[in-house]
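Below is one structure, written out as structure tokens; the observations come after it.
The values are calculated or read from the model by the stated rules, or taken from the named source; none is laboratory data. Remember, it's a predicted structure, so these values are computed and weren't measured experimentally. Using ideal geometry, Cβ is built from the backbone for each residue, glycine included, and neighbour counts are taken over all protein chains shown. For accessibility, only protein heavy atoms count, side chains too; no ligands or nucleic acids. Shrake-Rupley method; radii C 1.70, N 1.55, O 1.52, S 1.80 Å.
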Amino acid sequence: MPDDGARPASAGWTPSPLAVARDSYRRARRRRAAWVSALSTVLVVVVLYVVVTTAPGWERTRDAFFSPQSAWDSLPAIAEGLWLNLRVWVVASVIGVVLGMTLAVIRTSRVPALFPLRAFAVAYVDVFRGVPLLLVLLLVGFGLPALRLEWLPTSGAFLGALAIILTYTAYLAEVFRAGIESVHPSQVSAARSLGLTRAQTTRRVVLPQAVRHVTAPLASNLVSLQKDSGLISILGAVDAIRAAQIAASGSYNFTPYVVAGVLFLLVSIPLTRVVDVYSARQGWRGSLATVSGAGAIR
């Protein structure tokens, strides 16, 4: 079905002259808006280029931050460090989602016997949402090794991933809790009236709807987790940021930091765009999917 809602002429229906004029006006307005957007973008880019390249320290900044040779030399080590960041991100995402959903289910439960677990879930979320991630990394990275537990790994990557999991589990738990509480009570009542137990109702009725409601904010949190995985470098893990720091320390050239930033962007920007597209389809576009003439409104 075309966006303007017009039916094909073969169906025995043709748009009125007013509808044709309205659609023509809308197309002209879209073309004009596209030209204005392109012109303003080019203007901004040109102004920024002139301001930056005519600055007194531009040549020195170019050599220190945008050296092609330094970027090429440091790229392999930084790419290898990024692979560590991606592994930490995947592991922390999977564990954080599972633990966050578990905490959300416990916190929204009304079983009296689970009150101690609910109190723990509330305290856990309050603490790890209130303490900065950087501070959690320092406390975990230097506090746990001080216990000298033989079974506990003390590598920077493991301790950094553990700190990230502790923090993001609290955020994900709140996302899932919002999704669970968005399910209408009538859904639970209907499931219980059909003979489902509390556990079956939660597993088969509440959680599927809750996850569908919070998929977009959940994905946004996971994108943020991918970015924050670079903080494990403060514990000595040789990730992309640490590799860039090592490369820059010998030559006092900061191009490796730019390379690390570009590699992070190559991962995060596509993820962000996917989340944006999904949010648009589930939100504005999804809400208008069943409205007559919604295509013309967009």
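The residues on offer are Thr61, Thr54, and the sole one that is among the polar types (S, T, N, Q) and either exposed (fewer than 12 other Cβ atoms within 10 Å of the Cβ) or at pLDDT below 85 (or both) is Thr54. Do the conditions hold for Ala79, that is, is it among the small types (Gly, Ala, Ser) and open to solvent by less than 70 Å² (accessible area, probe 1.4 Å)? Judged against the criteria, Ala79 is a match. Residues that are open to solvent by less than 70 Å² (accessible area, probe 1.4 Å), hydrophobic (A, V, I, L, M, F, W, C) and not in a helix (DSSP H, G or I) within segment 229-262 comprise just one, Ala237. Contact map, segment 216-240: first residue farther than 13 Å from Gly96 by Cβ, second residue among the hydroxyl-bearing types (Ser, Thr, Tyr) and surrounded by 23 or more Cβ atoms within 10 Å (Cβ to Cβ), Cβ cut-off under 7 Å, separation 6 or more or different chains; pairs are Asp239/Ser233.
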